[in-house]
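Taken together, the values in this text are just the output of simple stated rules run on the coordinates, not laboratory data. If you're wondering where the values come from, they're calculated on a predicted model, not measured in any experiment. As a convention, Cβ positions derive from the backbone with ideal geometry for all residues, glycine included, and neighbour counts pool all protein chains shown.
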Amino acid sequence: MNASDLAAQMIRIAIPYLFAASGGALAERAGVVSLALEGFMLTGAFAAVVGSWMTGDPWLGILCGVVAGALFGLLHAVACIRFRADQIVAGIAINLLVIGLTRLGLQLAFDSSSNSPRVEGFTAATGSGGLLLATLQNPLVMAGLMVVPILTWVMYRTPFGLRVRAVGEHPAAAESVGVRVKPVRYAAVVMSGVLASLGGVYLALDQHQFTDNMTAGRGFIALAAVIFGRWDPARAGLACFLFAGAETLQIALQGTQAVPSQFVQMIPYVLTIVALTGLVGRSIPPAALGRAE
Amino acid sequence: MTAAQAASAQLAPLAVRMSGIVMRFGAVVANRGASLEVAPGEIHAIVGENGAGKSTLMHVLTGLYEPDEGTVAVDGHDVTGWSTRQAIVAGVGMVHQHFMLVPTLTVAENVVLGREPRRYGAIDMALAQEEVIALGKQFGLVVDPRRRVAELSVGEAQRVEILKTLIRGARILVLDEPTAVLSPPEVGELWRVLRRLRDGGATTILITHKLDEVMDISERITVMRHGETTARLATADTTPADIARAMVGREVVLAHRGSGIGDREPREAGATKGAGHALEVQNLVVGTLRNERAVDGVTFAIAPGEILGVAGVEGNGQTELIEALAGLREVSSGNVMLGNRDITRAPVRERTDGGLAHIPEDRQRRGLVLDFPVADNLVLGLQHRYTRAAQIDRAAVVAQAERQVRTFDIRPPDASRPARALSGGNQQKIVIAREMGRDYSVLLAAQPTRGVDVGAIEFIHSRLLAARAEGKAILLVSAELSEVLALADRIAVMYRGAFVAILPRAEATTERLGALMTGATSVPGATPP
Amino acid sequence: MTAPPAASLIAPSRATRASTALAESLLPPVVALLIALVAGDLLILAFGQSPAAVFGLLLEGTWGNAYGFGQVLYKATTLICTGLAVAIGLRAGLFNIGAEGQLAAGAFAAAIAGLWLPSGTSALLAVPIAIGAAMLAGGATGWVPGVLKARFGAHEVIVTIMLNFIVLAMLNWVVASHLNVPETLHTPEIAAGKVPRLSALVPAFHGSAANFTLIVALAAALGMWWMLFRSRMGFDLRATGLQPDAAEYGGIRVRRVWIRALTLSGALAGLGGINFVLGYKHYYEEGLAGGFGFLGIAVALVGRNHPLGIVLAALFFATLSQGGLAINALVPKQFVEVLQGVVILAVAAAVPEVRRVLRAGVARAAGPA
C-alpha cells in the first residue's frame, strides 16, 4: 500500500468516529452523558439501509438514518432530562434496545439474522484517481471531514454553542441570566443522536448493507476520543484520527505479525485511562456532566 | 393622606416597597411579615444575623420565590410573584453571594450569555468585548473581557457579576454579602463603584452583617431578625451599638444567661487544673484551595470544665479550624494536643477513641447519614465499638438507641425510622446524643443550635452547661453572638483566619466583640491584639 | 381492649413509613414491568400474533418444563453474580460497568486453574482453587478502577468501560496465540474442578446446563446480604455510598472503601465465570461473557441492589433470555432483547419519578437554599 492508499484507509476508518465523537462532545458539553453513541450509530446504519432498500436512493437512506438518530436522541433526552433517569443506565439501555430492535428489524424486513441484502450506497468505483480520490467522492466522507470544524465553530462562536457550554458547566448560572437549560440540553442531545447516527449511516452505505451489530464498539471508541480530546471537538477529532491511524497501521502490518492486532485495538482505551489519571495532561469533564439539575 | 403627600408619592414612588412578606418552606418560616422600603438612588443596607431571612427576602424581590403572603412593589407597580426574567426586564438585578459565573467561559462570554449580540448567526464577540470595556470604564469596573473567569481573583469575578447585571439594564442592584470574600482594598474599590452607580441614578440594596461596612457605605438601614423587620434606621443618626442591639438579643438565650451563667464562677484558662489542658493548639495553619492560610496561626488551650467560645463573622476560618481539629482537613503546620496525645495528623477514629467528640456545623451533610435509621446514626463513628467478629452487634445498637432516645428525648421515639424523617431539632439531638452520650474529654461544638427550634435550643444549651460542670472541655463555635456570650467562659474572636483576641467573659461586651469581629480597631473599649 | 394513646399515635406512622419505603423500592420495577408488558403487547400485535399466546409460550418454554427451567437456572446463576457485582458498587456509590470484562477474566482464571491442576485432583480441592482464581482475577480487574479513582479521581464509569475492551482484547490475544485448541477460539478442557450438573440430582433437568455453581451464586447472595446489612464493612460501605462526607466524619476511610467495594465487585463478577467454565463447557471461550456483564446492571437495577431482589431479577432476566428461544416460532427471539432494553430504560426513568411523587409533600420542607 502506498501513502495515499494508507491515507484513504485512515480516513475511511476515521469518518464514523468523527461523526460519533462530534455528537458525543456536543451532548457531554451540555451536561448529558453519552454512552448511547453506539446505539445511535447502529440505529442510523439500520435505518439508512432500510431507507435505501425501500427507495433505491441512498440519499433517502441518509434521511432515514438521520430521522432515526434524532428519534433515539430524543428518547435519550426525555429519559435523562424529563425523567431524570440515571444517564449512564439510560445510555446502556438504549444500546441494548437498539441491538434488539435492529435484530428484530433484520428478521422483519429481510428475514435474516445476520445481514441485509445489498442496497444502493456511496462507494465510488476505484478509478484512475486511486483510492484516496474515490474515498473523497463519497459525500458522507466530505461531511465527516467537515463536521468537526463546523461543530467547533458552532460551539465556540454561536449563541447556541455558548449556551451549551454554559449549561454543561454551571446550569444555575445559565438559568439566572434567563437561559433555559432544558431546551438547550434537549437540542444538544437530539443533535448528538443525529451526528452519531450519521457515523452509522456512513458505515452501512459504504458497505452497501447492514450486518448485525455492525458498529462493533465504534461508539465507545468515539467516546474514548471525546474524553481523550478533553471534551473539545477539535481535539476529539484529532484523537479520532490518531485512533484510526493506529488501526490503519495495524492493518498494513497484518501480514508481518509485528504487533498482535489486539494490542492495537487496546490503544484508544489505554490512552483514555491514562488521560483520566492526569499523568499526561488531565481530562476534566464538564462540571455538571451527568447531573439532572 | 393629604394632597401634598399624595403628590410627593406620585413624584417619586419608592424604588422598592415590600410589605407583610411571609415565606414558608414546609415547616420553616423564613420571612414572617418582613417589610422593606428603599428610596430611589439610595444605598440601602439590610443587616441581620445568619438565618434572619435577608437572602430569602431578596429572592422574593428578584422573583426567585413567590411569597406566601405580602406584596412587592417596584417603582410603584405591584409586581408580587413575578419571575426572575420579568425582574431582569424591569431592571432588578442580583449579585449572588456564590457567584453565578461559568468558570470555563471568558468574561465577555459570561457577561453576554443569554443576550448575545449576533452577527451572521455568530456571536459578535468584538462588540461584546467593547461593551464590557465601555461599561467598565463608566463605573470603574476594570476587567479584561478576554480572560477566563476561572483565572480571575474573587474581586475581579465580582466585578464581572456586577457588569452582568448592569449590561442587562439593572437600575436596582441587590448585592448579597458582597464583601464576604473580598480583601480590604477590594472592598474600597467596591464602595467606589457603588457610589458611582448611585451618582448615575442606580438604587443599591446591600445584604451584610458587618457593621463597620454598613456605617461606611449605606444611607439607610433595615434590620432583620427571625424573619421580621425589627428596625429602620438612617445611617447618619445611628451607631453600631444600636444596630447590634436590633440584630441580636434573643430572649430565649438571655433568659438562660440569667439562670445559668450568673450563678457559676468564672474560670481562667488552665487556672483550676494546673498544667492539664484538655486541648492545646499551637500555631495551627490550615489551607484550602482558595486560601493557603484559611486558619492562620491559631494558638489556644482549653482546660477541663471550660467553654471557649469562638465568635466571628462566618467564613473567617471557623469551619476550617473545626474540621482540622476533627481530622477532616489536613493541617499545613502547627500542633494539636488532645491531653497528652499528639493528634495533629491522626485519623478521625484515633481522635474519637482518644476522647474527642464533635458536633459538626452541617449535621445534614456531615453529622448524619440521613437514610440510615436513627439507631445506626447513634453509633456513627463508634461502629467499631459495636462490632464483634466483623459483625455489627445489632442487639447492642438497638439497646443503646433505646437508651439514647429516652435520655435525649428524641422524637418520635422510634429508632428504626430514617434520620431524614425527623425534624431539624430532633436530628440535632441524635448528633448530640451520640457525641455527648459517651465518654469524652473534649467537645467541638460547631453551630450547635443552628436551625433548631426554641425548645431544642434550651435543651442543647443546658446539655453544654452540664457537660462543662462534669469537667469537659468545650470549643464552641457559633455565629450567634448571644449564644457565645451566654455559654462561654472565655471568648476568642476569629477574623481572617486568626484569633484577634481572647477575652474573659467578664470583659466581653457585644460592642467590643462586634468591633473585633469586623476587624475594626477604632471602636471604644476594644484593645487591639 | 384499648391501646395507650402514645402507641396508637406511633403505630400508624410506623406503618405508613414502612409502606413508603417499600413502595419507593418496589414501585419502579413494577411500573417498568407494566410498561414493558404494554410495549411487548404492541410489538407482538405488530407481528400479527396474540400477546397471550406469545407470553403463554414464553412461560411454557421456561417455567413450564424441567429442561427450560434448568436453562433459566443456568442463566440466572451468572446473572446473580454479575447483578451482585454491580449492586455492591452502587451501594458504595460507584458504578461498575466492567462486569463484562471481570466475568471473562474470572472465567479465564478458572480455566487456567483447572488446566494447571493435575487431572484427578479431588473436586473438594480443585473447585475452591478454581473459584479462588476466578475471584482473584475478577477482583484484580475491579481493583484497578478502584485505585485509579481513589488515587487520581479518575471516574470509575469510564475506566471500567475502557477496561472491558482492554481485558477482552488481552484475553482474546492470549487464547488465540497460546492456549487455543486449533481451529477454535477456546482453551482445552480443564483437567480438574468440574462441577456436576443439577441433573445428577434431579434427572428431569437432563440436558440443561444448570449446575451446582448455582449454590455458589446463592451463597454469594446470602454472603452479600450479611456483609451489607450485618457486618461493619457493610455499614461503612453503605454510609460511604449514601453520604461520603458523613462517612468520613464517622471515621470511615472513604477511599479505602471505594477500592474495597470495586475489588469485591470485580471478584463477584469473576465468580460468575465459573458457571460456564466449571459447570457447563469446561473450557474458556472467546465471547462467553455474551452481554451477561451488562445485563448485570439491569439485574441490580430491577433488584434494587438488594440480594434477594437480585436473585429474583436474575431469574426474571434469565427467563426472558431463555424464553426468546421458546417463542421463536411466533415472534423472532430478538423480541426479548427489545423487552430487556425497555425494562431497563423504564426502571431508570421510574426510579427518580416514583421518589419524586412519593416525596412530593416533603419537597418544600427542604427550606431556603
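Which of the trypsin sites (Lys or Arg not before Pro) found in the stretch B:298-352 are in a DSSP loop and have at most 13 neighbouring Cβ atoms, other than their own, within 10 Å? Display every interim value, and only then the final one.
On the way: sites: B:Arg329, B:Arg341, B:Arg345, B:Arg349, B:Arg351; in loops: B:Arg329, B:Arg345.
Those satisfying the criteria are B:Arg345.
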Checklist line | Computed magnitude of the charge dipole of chain B (debye, nearest 20; Cβ of K, R +1, Cβ of D, E -1) | finding: 820 debye
Check: Which whole number gives the average, over all residues in B:98-109, of C-beta atoms from other chains lying within 10 Å of the residue C-beta?
Finding: 5
Item checked: Computed label-point distance, nm, for sites B:Ala389 and B:Glu330 using a 7 Å Cα→Cβ extension -> 4.1 nm
Check: What is the set of long-range amide H partners of B:Thr203 at a cut-off below 5 Å, with H atoms built 1.01 Å from backbone N?
Finding: B:Gly41, B:Ile172, B:Leu173
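Take each of the peptides A:105-117, B:62-74, average the number of other beta-carbon atoms within 10 Å over its residues, and list them starting from the highest. Numbers along the way, then the final one.
On the way: A:105-117: 15.8, B:62-74: 18.7.
Put in order of decreasing packing, that is B:62-74, A:105-117.
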Next item on the list: May I ask for the angle, rounded to the nearest 10°, between helix C:335-363 and the longest principal axis of chain C, with both axes built from Cα atoms and the value confined to 0 to 90°?
Entry: 20 degrees
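What dipole magnitude, in Debye to the nearest 20, does the stretch A:134-279 give about its Cα centre under +1 on Lys/Arg Cβ and -1 on Asp/Glu Cβ? Working shown, then result.
Numbers: 9 positive and 6 negative charges, 106 e Å.
Magnitude of the dipole: close to 520 debye.
Counting each DSSP H run of 4 or more residues in the protein assembly as shown as -39500 (n - 2.57), what helix-only mean residue ellipticity at 222 nm follows after dividing by all residues, to the nearest 500 deg cm²/dmol? All intermediate terms of the calculation are to be shown ahead of the outcome.
On the way: 43 runs with 639 residues, N = 1191.
It comes out at -17500 deg cm²/dmol, rounded to the nearest 500.
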Check: In debye, nearest 20: dipole of the stretch B:291-445 around its Cα centre with unit charges on the Cβ of K, R (+) and D, E (-)?
Finding: 580 debye
Margin query: As a footprinting exposure proxy, order B:Val60, C:Val299 by other Cβ within 10 Å, with the fewest listed first.
Written below: B:Val60, C:Val299
Margin query: Could you tell me the relative contact order of the stretch C:56-171? Use alpha-carbon pairs under 8 Å, at least six residues apart, and round to a whole percent.
Written below: 28 percent
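Most exposed first by the Cβ proxy, i.e. fewest other Cβ within 10 Å, how do C:His178, A:His76, B:His98 rank? If you can, show how the numbers build up before the last one.
Details: C:His178 8, A:His76 29, B:His98 12.
Final ranking by Cβ density, sparse to dense: C:His178, B:His98, A:His76.
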Item checked: B:Asp78-B:Thr299 pseudo-label distance in nm [points 7 Å out on the Cα-to-Cβ vector] -> 6.4 nm
Margin query: Check which residues have an amide H placed less than 5 Å from B:Leu279's amide H, if you skip close sequence neighbours.
Written below: B:Ile302, B:Gly339
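Give the average, rounded to an integer, of partner chain Cβ atoms located within 10 angstrom of each Cβ in B:217-228.
On the way: counts 0, 0, 0, 0, 0, 0, 0, 0, 0, 0, 0, 0.
Per residue, the average neighbour count from other chains is 0.
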Notebook entry, point to check: By a straight-distance test (C-alpha under 17 Å), which aspartates and glutamates pair with B:Lys54 as possible cross-link partners, with residues fewer than eight away in the same chain excluded?
Noted result: B:Glu37, B:Glu66, B:Asp68, B:Glu69, B:Asp176, B:Glu177, B:Glu213, B:Glu228, B:Glu314, B:Glu480
Checklist line | the stretch C:188-243 and the stretch B:356-429: distance between their alpha carbon centers, rounded to Å | finding: 33 Å
Checklist line | Per-pair calculated FRET efficiency, R0 = 30 Å: A:Met146 and B:Ala126 via Cβ, rounded to 0.05 | finding: 0.70
Margin query: Can you compute the modelled spin-label distance between B:Glu507 and C:Glu24, with each label point 7 Å from Cα toward Cβ, in nm?
Written below: 5.2 nm
Notebook entry, point to check: If you take the charge dipole of the protein assembly as shown about its Cα centre, with +1 on Lys and Arg Cβ and -1 on Asp and Glu Cβ, which of B:Ala90, B:Val160, C:Leu308 is farthest toward its positive end?
Noted result: C:Leu308
Checklist line | Nearby lysines by direct alpha-carbon distance to C:Lys333 (threshold 18 angstrom, same-chain neighbours under 8 apart not counted) | finding: C:Lys75
Notebook entry, point to check: Taking other Cβ within 10 Å of each residue's Cβ, how do C:Leu136, C:Leu73 sort, fewest first?
Noted result: C:Leu136, C:Leu73
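How would you order A:64-71, B:113-120 from highest to lowest mean count of nearby Cβ atoms within 10 Å? Each step should come with its number before you reach the end.
Numbers: A:64-71: 23.4, B:113-120: 16.4.
Ranked by mean Cβ neighbours within 10 Å, highest first: A:64-71, B:113-120.
How shielded is C:147-153 by partner chains, expressed as the average number of their Cβ atoms within 10 Å of its Cβ atoms? Don't skip to the answer; put the middle values down first.
Working: counts 1, 3, 2, 0, 2, 6, 5.
That average works out to 3.
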Next item on the list: Using θ = phi - 60° and the Karplus relation 6.51 cos²θ - 1.76 cosθ + 1.60, list the HN-Hα couplings for the stretch C:308-313 in order, rounded to whole Hz, with x at every Gly or Pro.
Entry: 5, x, 5, 4, 5, 5
Checklist line | Estimated FRET transfer efficiency (A:Asp57, C:Trp63; beta-carbon r; R0 51 Å; 0.05) | finding: 0.55
Checklist line | Distance from the stretch C:297-329 to the stretch B:195-240 (C-alpha centre basis), Å | finding: 65 Å
Next item on the list: Go through C:244-257, B:126-139 and give me the packing order, highest mean Cβ count within 10 Å leading.
Entry: C:244-257, B:126-139
Checklist line | Length-normalised contact order for the stretch B:350-496 - Cα pairs under 8 Å, 6+ apart - percent | finding: 27 percent
Next item on the list: Counting only C-alpha contacts under 8 Å and six or more residues apart, can you give the relative contact order of chain C as a whole percent?
Entry: 33 percent
Next item on the list: For the stretch A:9-70 and the stretch A:136-168, write down the distance between their C-alpha centroids in whole Å.
Entry: 15 Å
Checklist line | For the stretch C:287-299, Karplus couplings with θ = phi - 60° (6.51, -1.76, 1.60), whole Hz, Gly/Pro x | finding: x, 5, 4, x, x, 5, x, 5, 5, x, 4, 4, 4
Check: Can you work out ³J(HN,Hα) from phi for every residue in the stretch B:216-223, in order, using Karplus 6.51 cos²θ - 1.76 cosθ + 1.60 and θ = phi - 60°, giving whole Hz and x for Gly and Pro?
Finding: 4, 10, 7, 9, 9, 9, 10, 9
